[in-house]
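Only one structure is covered here, and it is reproduced in the block below.
The values are calculated or read from the model by the stated rules, or taken from the named source; none is laboratory data. Please read these numbers as outputs of a predicted model, since none were measured by experiment. Don't worry about glycine lacking a Cβ; one is built from the backbone with ideal geometry, like all the others, and counts go over all protein chains shown.
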Amino acid sequence: MPNSGLLALQRGVAQYFEDQSVAAQVLIGLKARGLWAKSRVVIIPGKFDGSEAPRPMAAGKFGPPTKKESFNPREVAEWVRELTLSIFAVDPENLQSEEAQIIALENLIESTLQGVWNAMDPVSGKNVGGPGIEWGDSFYVVPPVQLAYGRELLLGCTMKNPMFDLPQAVRHPTAGPFTKKFSAPLHP
């Protein structure tokens, strides 16, 4: 089963946050965006505009592999995949201070950019961020009225994911069973 680049990115950013003592969860999927209680980053597949109504979201484009002379001959396509990072920060010590909420959000945005850029998947040990990420448009989302503290930024980006063909079995020619025993060395 293929390992999702999206899940690898989530694991890598979560590990980066843990290593750097960033006090925010790193989650994945649109449902996780509903957590408004504490600082968090949610990686959402697709180009998400913040609305709650059901609708299609752009997923990106499939094209030829970028490495025509790839070291992996199984690479058949590259998916330039649309993602949205929902970055929500709250300063729980100063809930009524707009200034404190802005500072908290800007600090978490910077940590998120660093985390995505430096993401190393702890499972595979591969870099899943860095030059495979391109940043896009962003906009603020007003939190629900009953939770007027905190701020959210939706940041669009793309992630390059190679797609591979099935592995082929390597065939080795066999000479069949040997029936003759050699008493002398084969090479003089």
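Considering only residues that are of a type in the set (K, R) and at pLDDT 85 or above, which ones fall in segment 4-32?
R11
Conditions (1) in a strand (DSSP E or B); (2) surrounded by 17 or more Cβ atoms within 10 Å (Cβ to Cβ), marked per residue:
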| site | (1), (2) |
| --- | --- |
| E78 | yes, yes |
| E82 | yes, yes |
| P92 | no, no |
| L95 | no, no |
| V116 | no, yes |
| P122 | no, no |
| G125 | no, no |
| W135 | yes, no |
| Y140 | yes, no |
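Results for (1) at pLDDT 95 or above; (2) of a type in the set (K, R); (3) more than 24 Å from V141 (Cα to Cα), shown as yes or no for each residue.
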| residue | (1), (2), (3) |
| --- | --- |
| P64 | no, no, yes |
| K67 | no, yes, yes |
| V80 | no, no, yes |
| F88 | no, no, no |
| D91 | no, no, no |
| S97 | no, no, no |
| Q101 | no, no, no |
| I109 | yes, no, no |
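Just to be sure I understand, how many residues within segment 142-151 are exposed (fewer than 15 other Cβ atoms within 10 Å of the Cβ) and at pLDDT 70 or above?
Number of matching residues: 1.
Restricting the search to segment 1-35, which residues are in contact (Cβ under 8 Å) with a residue 24 or more places away in the chain, under 16 Å from the mean Cα position of the chain (by Cα) and not in a helix (DSSP H, G or I)?
Of everything in segment 1-35, those that are in contact (Cβ under 8 Å) with a residue 24 or more places away in the chain, under 16 Å from the mean Cα position of the chain (by Cα) and not in a helix (DSSP H, G or I) turn out to be P2, N3, V26.
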